[in-house]
Amino acid sequence: MQTVRHSEQTLKTALISKNPALVSQYEKLDAGERRLMNQAFQPNSDLFGPITVHSRSDWITSHPEDPQDFEQFFSDPYRKTPSPEKCSIYIQCIGSLGNTRAISEEYIKWLQGYCEAFFYGLTVKLLAPVPVSATRCSFRVNDSTQNLQIHAGHILKFLKKKKPGDAFCIVGVTMIDLYPRDSWNFVFGQASLTDGVGIFSFARYGSDFYSSRYEGRVKKPQKVSSSDYSVFDNYYIPEVTSVLLLRSCKTLTHEIGHIFGLRHCQWLACLMQGSNHLEEADRRPLNLCPICLRKLQCAIGFNIVERYKALVRWIDGASADTPRVTPKHSREDDVNLPKPVEAFKEWKEWIIKCLAVLRKEEPSNRSN
């Protein structure tokens, strides 16, 4: 295992910059926020540690990229920033996320609530779910997994046409595996930063992904507008578990982070690190490092304490409609659906530590 460790001065410059205007901007932040962000270059910080590389197949080794510090992010002329007219994140579900309609509806609401806390200050809206056939995308059976896949690029074109006028971005989520072109095996997600659209699949995060086989069901790749989409009827959906929800939240916020202009993080252990495989994605934390946190705060303008409190409320809160009954569906839909958040326990404990740093010397702000 290799540790990627930068000097204190390198991390301080990446966070604050040597540009006097950006230094002044940093100094105007709340004292607690600066105290937390300064943990980035504290050698013994127990909140923000270095990146660890476990194998040559890890992203940072196999995909060399130039690091992006705060000044580069701030000065990027192509970066998209929400405006009062375009301040909503839209989520479009493609196919089912759960094996009943009630579970699918709850799952997408959990993702909505998490995104609203993570991108605190923006509104996250849900579009009505659509079947795969509505996208008119190509699809195929993957030669390696013998599982169904839909064409990511075609989904992006569909989403671009559906993007509402007040949208900062629109992202599609699906439990069906994705491929970007015929020569590629698969892709977890794909996005167009200029168009503000993205599509992300949670299929490979399910524990039974490789047990669902479709060999012989699709003879050759099906092209747009001439395909029979009945193969997706009753398509296998993995069990919604705490780990699956955590992985989904992690992927969704990472990829939407890219739409904000955050590149892959190479400074500290961070949600915005790249990942080549599931093991690496699982090692990646749910939190943003201070450098990436400052980037996102610059783009949205949130108060960090209020954002962290919103994330804790999401973890602690029950599903908004639990217990729920969905009419006109089978009895299996009439179930209690508590939000499975067991896998988020360490994340909550980490946030509480951050809140303690933020509130130091500010006793009047200790209540929730």
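Accessible surface of Tyr235, taken over heavy atoms with a 1.4 Å probe and every protein chain present, rounds to 30 Å².
Averaged per residue, what accessible surface does the chain expose to a 1.4 Å probe, in Å²? Write out the running numbers ahead of the final one.
Working: 17090 Å² over 368 residues.
Value for the chain: 46 Å² per residue.
Using only helices, what value at 222 nm comes out for the chain when you add -39,500 (n - 2.57) per DSSP H run of length 4 or more and divide by the total residues, to the nearest 500 deg cm²/dmol? Walk me through the numbers before you get to the answer.
Numbers: 13 runs with 130 residues, N = 368.
Dividing the helical sum by the residues of the chain leaves -10500 deg cm²/dmol.
Write down the percent of antiparallel bridges among all DSSP beta bridges whose residues are both part of the chain, to the nearest 5.
35 percent
Applying a 10 Å radius around every beta-carbon, put 338-349, 159-170 in order of their mean neighbour count, most first. Before the final figure, lay out each step's value.
Values: 338-349: 15.3, 159-170: 17.3.
Put in order of decreasing packing, that is 159-170, 338-349.
Surface composition of the chain: carbon plus sulfur atoms hold 50% of the accessible area, using a 1.4 angstrom probe and ignoring ligands, DNA and RNA.
Structure shown: which of Lys18/Lys86; Lys125/Lys161; Lys160/Lys309; Lys160/Lys295 lie over 24 Å apart, alpha-carbon to alpha-carbon? From the list (Lys18/Lys86; Lys125/Lys161; Lys160/Lys309; Lys160/Lys295), the Cα-Cα distance tops 24 Å for Lys18/Lys86; Lys160/Lys309; Lys160/Lys295.
Label positions at Ser133 and Glu279, each projected 7 Å from the Cα along the C-beta direction, are separated by 4.2 nm.
For the chain, Cys87, Cys93, Cys115, Cys137, Cys169, Cys249, Cys292, Cys298, Cys354 have no disulfide-compatible partner, since no other Cys C-beta lies under 4.7 Å from theirs.
Taking packing as the residue-averaged number of other Cβ atoms within 10 angstrom, the listed peptides 262-272, 81-91, 303-313 run from highest to lowest as 262-272, 303-313, 81-91. Taking label points 7 Å from Cα along the Cα-to-Cβ direction, Thr3 and Val23 give a separation of 3.0 nm.
The values are calculated or read from the model by the stated rules, or taken from the named source; none is laboratory data. The model shown is predicted, which means the values in this text are computed figures rather than measured ones. Every residue, glycine among them, receives a Cβ derived from its backbone with ideal geometry; neighbour counts consider all protein chains shown. For accessibility, only protein heavy atoms count, side chains too; no ligands or nucleic acids. Shrake-Rupley method; radii C 1.70, N 1.55, O 1.52, S 1.80 Å.
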